[in-house]
Ligand SMILES: Nc1ncnc2c1ncn2[C@@H]1O[C@H](COP(=O)(O)OP(=O)(O)O)[C@@H](O)[C@H]1O
Ligand code: SF4
Ligand SMILES: [Mg+2]
């Protein structure tokens, strides 16, 4: 990737991609054969605000596979959380509404279900943990009861004692020392890391096929971050859960992801295996994100690279390619025509929305 | 939690002692000799002296206070100067009326106030919310006597659905309960709505929904439960208000409650009765605040913790 002048001379990402040396070309083969548990097609969400209709998501497509982690990356405000909430049927209504596309889960199109119909899928088909462990648990309910509650709602015939036992089992499973004590604790009596473990126990208690983690470690200390990520990874492996990991930390992506979905202004602009995203990033935005990874060897401020400019407002999206005002390769036509996702020649599992690749401009 | 309870209970006792002292000494320096009022202007100085002696009014004021206090602790509030009956008995009779009026008014205010507040918050911004909150604003701004008269004119005089005044049957209580409860209902509904709106946007509500809970389980079990603190605060102070504020409504509906008893006793300078009445009102307030404090701790485990350590 050092073949573009877009990446600064410090060679930012060198330290982050080592993980992928274990993956050969055969990895894609293996990964693409795993069972698809979720197939999102052309999902569009519009915000109906007093100032007009804002396109929060436009034609988002991706798949999730059993036991694999899909990382969703992009700067703040790119629609990562909106995508997650759309999958959960928990969009903020008003103003947000799904206006097109499908969320295929088995034979069901979740996008066509009402918020109330989605209820039976929430927690049982798809579990979700949120960014803020400090505020995501009910402060006046004991941790154990909060876990039990989710179990009982999906297993109405289960006795409270059995549900308690199951909740305790989950608390043990997520590696909490002194499980009984935590079971009987209120959230304010637990540390941030413990609360996030409780959240994970809660989200996985009904063994959903999909776990959505929206920036699960952003609010935590660095050492705790690593533990929580390891835990999510262990759960994925032990339970075969498909994980949707939302993050803006490319370092986390390199540690965790099998697949990466890069989002910008509510669009998917690149979708590939993590290996390809780090070794052959094609979209200039993806290249910029990778160049922005802090280098362990960096000593001065100058060594930190940042993509110039800001994410545009939804109310003021650029014409054509939404990235063109910030793109070092932009040409006149980029502002006139909007590129759509297309597979890279010779690799159907690598898609990108950029004229430079689609029309093979070369350097 | 036990330490917390004991400490709050001791505080309540201390407050009651202060109030009793203030009440007693203030009432004993107000002008107007009760014995003279009792016996009339023509009574001789001798007769006055005898009566004063019999009532213990010739003793030093501190001794009088001490006697009054210890008697009161034994449940003896003394006898009314003018109605030949023990204060405790008079208070008890009126209390039966007031407690029923205020109690039902309070229940009415609490149940309808919380319900309407929650429904308005859940419908935030739409027509239902606006209608309910207009009713609440009306309820807060309408004085109780006006509501009372309006209810009497419409439901008693015009429609003849309910009795105009008195305390004979349960039906007699309907209009006074509404008249007394209206403004409390209105302010509880507004506080509930505000508290619920704040809670509804919290992260843990999203978590609760993400578990697959029913909408109303999320709203009530997670939302209302967390909105309770401000609701209890306002509802608690109102419980004191509603008991003492029932005087006006009792008068309009000719109900012989503690309110009218107090008004009469003050007009007559019936000291034992005034003192008993004030102590009764103080006791209600102190007990209410005690209950509110304990409820806080029950509802919010964080308060229990900090309260227990303080
Ligand atoms: N409740 C809401 N009302 C209006 N706009 C919203 C709301 N929530 C999010 N948005 C907008 O939707 C866009 C996507 O937000 P989000 O999905 O939270 O971004 P990300 O998670 O990638 O940081 C942003 O432009 C944000 O301002
Ligand atoms: S389409 Fe043009 S502007 Fe957009 S990313 Fe590609 S080169 Fe840049
Ligand atoms: Mg987000």
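Nothing in this text is a laboratory measurement; each read-out follows from the coordinates by a stated rule. From a predicted model like this one, the values you see are computed outputs, not experimental measurements. Every residue, glycine as well, gets a Cβ built from its backbone with ideal geometry; the counts of neighbours run over all protein chains shown.
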Segments B:55-63, B:18-26 sorted - mean Cβ within 10 Å per residue, highest first | B:18-26, B:55-63
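Would you please calculate the Kirkwood hydrodynamic radius of the protein assembly as shown over all C-alpha pairs and express it in Å, rounded to one decimal?
After inverting the pairwise mean of 1/r, the radius is 30.4 Å.
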Nearest 5 is fine: what % of DSSP beta bridges in chain A come out antiparallel, could you say?
-> 60
Part-to-part distance (alpha-carbon centres) for the stretch B:28-89 and the stretch B:1-20, which is given in Å = 30
GNM on chain A, C-alpha springs below 10 Å: top fluctuator among A:45, A:174, A:222?
-> A:222
DSSP beta bridges in the protein assembly as shown: the antiparallel percent, rounded to 5, is 65
Stretchable slack from residue B:38 to residue B:2, in nm (0.36 nm times residue separation minus alpha-carbon distance) = 8.0 nm
Using a/c under 1.5 as the rounded threshold, could you call the stretch B:42-83 rounded, prolate or oblate? The axes a ≥ b ≥ c are square roots of the C-alpha gyration tensor eigenvalues, and prolate needs a/b larger than b/c, oblate otherwise.
-> oblate
What average number of partner chain Cβ atoms lie no more than 10 Å from the Cβ of the residues making up A:120-130?
-> 3
Chain B: angle of helix B:127-141 to the longest principal axis, Cα-based, in degrees nearest 10 = 10
When only Cα pairs under 8 Å and 6 or more residues apart are kept, what is the percent relative contact order across chain A?
-> 22
Each residue of B:210-222 has, on average, a number of other protein chain C-beta atoms within 10 Å of its C-beta equal to 6
So, how do all the Cα-to-Cα distances of chain B break down into 10 Å bins, in percent, from 0 on up?
-> 6, 21, 25, 23, 15, 7, 3, 1, 0
Separation between Cα centres of the stretch A:38-108 and the stretch B:105-140, rounded to whole Å = 35
One would report the antiparallel percent of DSSP beta bridges in the stretch A:205-363, rounded to the nearest 5, as 70
Would you tell me the mean number of C-beta atoms belonging to other protein chains that fall within 10 Å of each C-beta in A:132-144, as a whole number?
-> 5
Springs between alpha-carbon atoms under 10 Å, Gaussian network over chain A: tell me which of A:225, A:180, A:287 tops the mean-square fluctuations.
-> A:180
For the stretch A:147-206 and the stretch B:210-258, what is the separation of their C-alpha centers, rounded to whole Å?
-> 33
Hey, any idea what the orientation-averaged projected area of the convex hull of the stretch A:138-207's Cα atoms comes to, in nm²?
-> 4.1
Shape box of chain A [Cα atoms, principal axes, largest first, Å] = 66, 46, 40
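Add -39500 (n - 2.57) for each DSSP H run of 4 or more in the protein assembly as shown, then divide by its residues: what number comes out at 222 nm, to the nearest 500 deg cm²/dmol?
Helix-only estimate at 222 nm: -16000 deg cm²/dmol.
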Taking B:235-243, A:317-325, A:193-201 and ranking on average Cβ neighbours within 10 Å, highest first, one gets A:193-201, B:235-243, A:317-325
Scoring the stretch B:159-310 by relative contact order with C-alpha pairs under 8 Å, at least six apart, yields a percentage of 24
Taking Cα atoms, how many degrees apart are the long axis of helix B:225-244 and the longest axis of chain B, rounded to 10 and kept between 0 and 90?
-> 20
Which residue, A:37, A:260, A:72, has the most motion in a Gaussian network model of chain A that connects Cα atoms within less than 10 Å?
-> A:37
Note the angle between two axes, namely the Cα long axis of helix A:192-204 and the longest principal axis of the Cα atoms of chain A, as a number of degrees from 0 to 90, rounded to the nearest 10.
-> 80
Does the stretch B:31-175 come out rounded, prolate or oblate, given a ≥ b ≥ c as the square roots of the eigenvalues of its C-alpha gyration tensor, rounded meaning a/c under 1.5 and, failing that, prolate meaning a/b above b/c?
-> prolate
